[in-house]
Amino acid sequence: MSDLELTQTQIERQDLVNNAVFELLQMVNPTDKEVNWDIEVIGGVRDVVAEYFTSHGFCSEQDFYPALPE
């Protein structure tokens with residue numbers, strides 16, 4: 001594996017976070033309208049949650065949501 005690939009553990013962490021955000025959106029939806037899987041929406045909510053955890057010193061961005069360097 002090269003340094004430009006996520007590990008299986010990192011991919012599993014991404015999946016866990018994305019799925020948790022999607023479940024949250026479904027749970028707090030106050031309408032009868034179905035919440036569809038939309039990674040842009042999920043990513044926006046994920047970024048806000050990541051900011052909370054990182055700004056309060058709980059973890060690094062990479063620990064919260066592993067990503068490859070840009």
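Specify the residue that is nearest to the chain's Cα centre (by Cα); the eligible residues are those in the stretch 1-51 that are aliphatic (A, V, I, L, M) and modelled with pLDDT under 95.
VAL35
Any idea how many residues of the stretch 1-12 are surrounded by 10 or more Cβ atoms within 10 Å (Cβ to Cβ) and part of a helix (DSSP H, G or I)?
3
For the stretch 13-42, name all the residues that are outside any loop (DSSP other than H, G, I, E, B) and either touching a residue at least 24 places away in the same chain (Cβ under 8 Å) or acidic (Asp, Glu) (or both).
Scanning the stretch 13-42 gives ARG13, GLN14, ASP15, VAL17, ASN18, VAL21, GLU23, GLU40, ILE42.
Hey, among the residues in the stretch 59-70 that are out of contact with any Leu (no Cβ under 9 Å at 6 or more places or on another chain) and surrounded by 11 or more Cβ atoms within 10 Å (Cβ to Cβ), which one's farthest from LEU6 (Cα to Cα)?
CYS59
The values are calculated or read from the model by the stated rules, or taken from the named source; none is laboratory data. Predicted model, so just to flag it, every value in this text is computed and none were measured. Note that each Cβ is placed from the backbone with ideal geometry, even for glycine, and that neighbours are counted across all protein chains shown.
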